[in-house]
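Just below is one structure, and these are the notes that go with it.
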Amino acid sequence: MPGYFKKPEEKNQPRLIDQLHLPTGEPVDLAVWALRSRGIRCRVIPGQAPVTFRPFRDEVEGEIITVLPDRVWQYQRTVYMTGEVIGRRMEASRLGLLAALAEGKSWYQLQAEDHT
């Protein structure tokens, strides 16, 4: 059955979670990128590295949340985080949206680029 089994990943390839250096117990700013049924797709500020935050309550897309993580782990190629939301704000300049809007891109175009 060719192509049925995935090839094992390279042993020397660094894991994404090791590159992020997300310590537990220290506040982390996350840009809420997309709301999903089991978590929020976020980008770590600064750096724009993708993280899935669980659980979510009343966060909205485009918002910046400050999280006090209590657990950070990686499953396959996705980094997950749980913790307490200790702050929230809207700040377009931190999201990098001003440059994108100047180029004439909409929020939905930015999300579509993120999923490709």
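Of note:
- Among residues of the stretch 41-57 being part of a loop (DSSP other than H, G, I, E, B) and at negative phi, the one that is nearest to the chain's Cα centre (by Cα) is ALA49.
- For the stretch 58-101, a residue qualifies if it is modelled with pLDDT under 80, on the phi < 0 side of the Ramachandran plot and either among the acidic types (Asp, Glu) or surrounded by 14 or more Cβ atoms within 10 Å (Cβ to Cβ) (or both), and the qualifying residues are GLU91, ARG94, LEU95, LEU97, ALA100.
- Look at the stretch 12-34: where a residue is closer than 12 Å to VAL72 by Cα and a partner is among the aromatic types (Phe, Trp, Tyr), sitting 6+ places away or on another chain with Cβ atoms under 8 Å, you get ILE17/TRP73.
- Pairing residues of the stretch 63-85 that are over 11 Å from CYS42 (Cβ atoms) with residues that are small (Gly, Ala, Ser) and modelled with pLDDT of 90 or more, at Cβ distances under 9 Å and at least 6 apart in sequence or on separate chains, gives THR66/GLY87; LEU68/GLY83; PRO69/GLY83; ASP70/GLY83; ARG71/GLY83; VAL72/GLY83.
- Top-ranked residue of the stretch 34-85 - restricted to ones that are in contact with an Asp or Glu (Cβ under 9 Å, 6 or more places away or on another chain) and among the hydroxyl-bearing types (Ser, Thr, Tyr), ranked as farthest from PRO23 (Cα to Cα): THR66
- Positions within the stretch 58-82 being assigned to a strand (DSSP E or B), polar (S, T, N, Q) and within 17 Å of ARG15 (Cα to Cα), in sequence order: GLN74, THR78
- Subset of the stretch 16-40 [farther than 17 Å from THR66 by Cβ and either of a type in the set (D, E, K, R) or part of a helix (DSSP H, G or I) (or both)]: LEU16, ILE17, ASP18, GLN19, ARG36, ARG38
The values are calculated or read from the model by the stated rules, or taken from the named source; none is laboratory data. Bear in mind the structure is a predicted one, so any value in this text is a computation, not a measurement. FYI the Cβ positions are ideal-geometry reconstructions off the backbone, even for glycines, and counts take in every protein chain you see.
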